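To keep things clear, I will list the structure first and then write my remarks on it.
The values are calculated or read from the model by the stated rules, or taken from the named source; none is laboratory data. Every value quoted in this text rests on a predicted model; they were computed, and no experiment measured them. Cβ atoms come from the backbone with ideal geometry, glycine included; neighbour counts cover every protein chain shown. Just so you know, the surface numbers come from the protein's heavy atoms only, side chains and all, with ligands and any DNA or RNA stripped out. Shrake-Rupley method; radii C 1.70, N 1.55, O 1.52, S 1.80 Å.
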Amino acid sequence: MARRLVSRLALLAAPLLVGTSFTAPVAGAAPEARDAPDTRPVATGFGGAVSTVDADASRTALDVLKKGGNAVDAAVAAAATLGVTEPYVAALGGGGFFVYYDARTRKVHTIDGRETAPEAMRADSFVDPATGKAIPFDEAVTSGLSVGVPGTLAQWDQALRRHGTRDLDALLKPAIRIAEHGFRVDQEFHDQTKLNAERFADIASTRDLFLPGGAPPAVGTMFRNPDLADTYRGIAERGTGWFYGGGLAKEIVRTVEQPPVVPGAKRKVRPGLMEVSDLTAYKAPSRPPTRIEYRGLEVYGMAPPSSGGSTVGEALNILERFPLSKGDPVQALHYYLEASKLAYADRAAYIGDVPGVPLKELLSDSYAAERACLVSAGTALKAPVAAGSPDGSHQGCPAASGAERPLAYEGPQTTNLVVSDKWGNVVAYTLTIEQFGGSGLTVPGRGFILNNELTDFSLTPSAGDPNTAGPGKRPRSSMAPTIVLKDGEPFLALGSPGGSTIITTVLQILLNRLHLGMGLPAAVASPRATQRNTAATLAEREFIDKYGTALTAKGQILQPFTGPPPSIGAATALEFLRPGLVQAVAEPTRRHGGSAMVVRPR
């Protein structure tokens, strides 16, 4: 008992050893353990660490680290496993953004695995010519029309070639084993299947795989996916060219062009525009990361077509102009909500897969000062607010002059994982197929669902919209895998699913950890609110109960976040407490909790 007490006291003190100027975490604010070791939301130790939403994926990554693989190897292996155990949010049929800190060079790199639109895609491809309006959203989602060229496999290939130490075929073996032998269905998998059951039942290949016996698999049963095992094995044997131009590419295109709808189903499932040449042309480019300096830290994120790095960075730059203290959390949260409104307004007006995004200006201190001058300590801005003018001309406190744009819908799904290794390399990786269940189209006999990422474009074109669909374009994303450095060394790594709430989830975790006196476990577990330049801030019930009255007095309008799911985000994060000592953190309860592990527990 004495040793356990000393260990816990050391854990509480550990964040103070980082040497930051930020407020110390409060004690006893989050649980250290749950019912079983594999589902613990917090793990602290040495030799490398991992946090994912799934125990099988975390075990896979940990095994790679224990056998000498680096953080990139472990991240790819974990992502492949998530393709088995979290098939409605991740892996082969989708894409993502990969942020990597290289300990040897002390540089941050990113790889863009976002899906691309086919060459036949046009700005009005989602518009019904009979009405001149966008087709119904549900009809757009469950269709071949919504499927973008998947980028995940190309991203894995690029990450391993540039930064890994293991071959892809070796890293696919754990996922193949789990797919063949099965995993135990948990409540989250059951719930996600049930949420999709009606539309899955109309797609023959999806029904046959994910609705055995015509119903969602029961909690506690074993779920096997031998088709996916065979697909992974085929990739290991034939290489990525099989997916991006060979026989598997043809099967993907056939599924998109001729969706396998059950005969007699009444659902209208539109064909898509993809050709094999679209898959052959796909690239997963390396892009310069976004970077800002925030109160002595360096914050790195993903550049466009993600809006994650730019919006997190702009909001932090605005927040840097204000005092943020654990002594007055209401005031700090008020500033957080106001900074979010302003940054989201600029996100809608300027961020997309277009030339000339004014990224440097949006992330400049002078522009942040121009935007921050609109913020009042006691009165909330009425949302939606207009975008600013990031034109390089900064004079006084100009009124916003950009156009107001409505918040485009993004599914609240996706998944995030974070990994570090014994050498100090770090990965923050967010991957997705957009909705829970993506387009609903499973490639027959292949065991994976195709994404619906193209519904992240603005479905109705409008002048000046940077997120208009077009040939080869990548839809704007909110994914925000983030790495924070202190004195050039890793301090934090984090990310979350949640569609357009991803950005505010990352922001609020940073606010909690850096300024509101919380350790990382409490910063992740704390109740959340998301302000995305909408008339009302949506918040979890606990947040409203705790802060609603005080924030309402400042003019903030709060309403319950209803989902589904009925919670905001599902974050995973790492904190580097001192050299070699890492704390891995997952959600204790959101989406039924995640799984944090370390190589050598302290």
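Which condition breaks for THR290 when tested against (1) under 30 Å from VAL443 (Cα atoms); (2) open to solvent by less than 30 Å² (accessible area, probe 1.4 Å)? THR290 satisfies every listed condition except (1).
Checking every residue in segment 542-560 against the condition of being under 21 Å from the mean Cα position of the chain (by Cα) and modelled with pLDDT of 95 or more gives zero matches.
A quick yes/no check of all residues on (1) surrounded by fewer than 22 Cβ atoms within 10 Å (Cβ to Cβ); (2) of a type in the set (D, E, K, R); (3) in a loop (DSSP other than H, G, I, E, B):
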site	(1), (2), (3)
ALA123	yes, no, yes
ALA130	yes, no, yes
GLU139	yes, yes, no
LEU145	no, no, yes
LEU153	no, no, no
LEU171	no, no, no
ALA175	no, no, no
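A count restricted to segment 415-435 and to residues that are open to solvent by less than 10 Å² (accessible area, probe 1.4 Å) and not in a strand (DSSP E or B) stands at 2.
Within segment 584-601, the set of residues being closer than 19 Å to GLN508 by Cα and open to solvent by 10 Å² or more (accessible area, probe 1.4 Å) comprises PRO588, THR589, ARG590, ARG591, GLY593.
Pick from segment 77-102 the residues that are among the aromatic types (Phe, Trp, Tyr) and modelled with pLDDT of 95 or more: which of them is surrounded by the most Cβ atoms within 10 Å (Cβ to Cβ)? For segment 77-102, the residue satisfying everything is PHE97. Has segment 312-325 got any residue that is of a type in the set (S, T, N, Q) and either open to solvent by 40 Å² or more (accessible area, probe 1.4 Å) or closer than 30 Å to ARG199 by Cα (or both)? Yes; the residues of segment 312-325 include at least one that is of a type in the set (S, T, N, Q) and either open to solvent by 40 Å² or more (accessible area, probe 1.4 Å) or closer than 30 Å to ARG199 by Cα (or both). Please go through segment 218-250 and give me each residue that is assigned to a helix (DSSP H, G or I), open to solvent by less than 30 Å² (accessible area, probe 1.4 Å), more than 15 Å from VAL149 (Cβ to Cβ) and not hydrophobic (A, V, I, L, M, F, W, C), ordered by number. If the condition is that a residue be assigned to a helix (DSSP H, G or I), open to solvent by less than 30 Å² (accessible area, probe 1.4 Å), more than 15 Å from VAL149 (Cβ to Cβ) and not hydrophobic (A, V, I, L, M, F, W, C), then THR231, TYR232, GLY234 are the ones that fit.
All conditions but one from (1) modelled with pLDDT of 95 or more; (2) polar (S, T, N, Q); (3) touching a helix residue (DSSP H, G or I) at 6+ places or on another chain (Cβ under 7 Å) apply to ASN416; the one that does not is (3).
Scanning segment 523-566 for residues that are part of a helix (DSSP H, G or I) and touching a Lys or Arg at 6+ places or on another chain (Cβ under 8 Å), which turns out surrounded by the most Cβ atoms within 10 Å (Cβ to Cβ)? The residue in question is ALA523.
Restricting attention to segment 103-135, the residues being modelled with pLDDT under 95, among the basic types (Lys, Arg) and at positive phi number 0. Under the condition of being of a type in the set (A, V, I, L, M, F, W, C) and outside any helix (DSSP H, G or I), which residue from segment 343-360 is nearest to SER500 (Cα to Cα)? Checking each candidate, the answer is ILE351. The residue list PRO329, PRO355 contains one member that is free of Cβ contacts under 8 Å to residues at least 24 places away in the same chain and on the phi < 0 side of the Ramachandran plot, which is PRO355.
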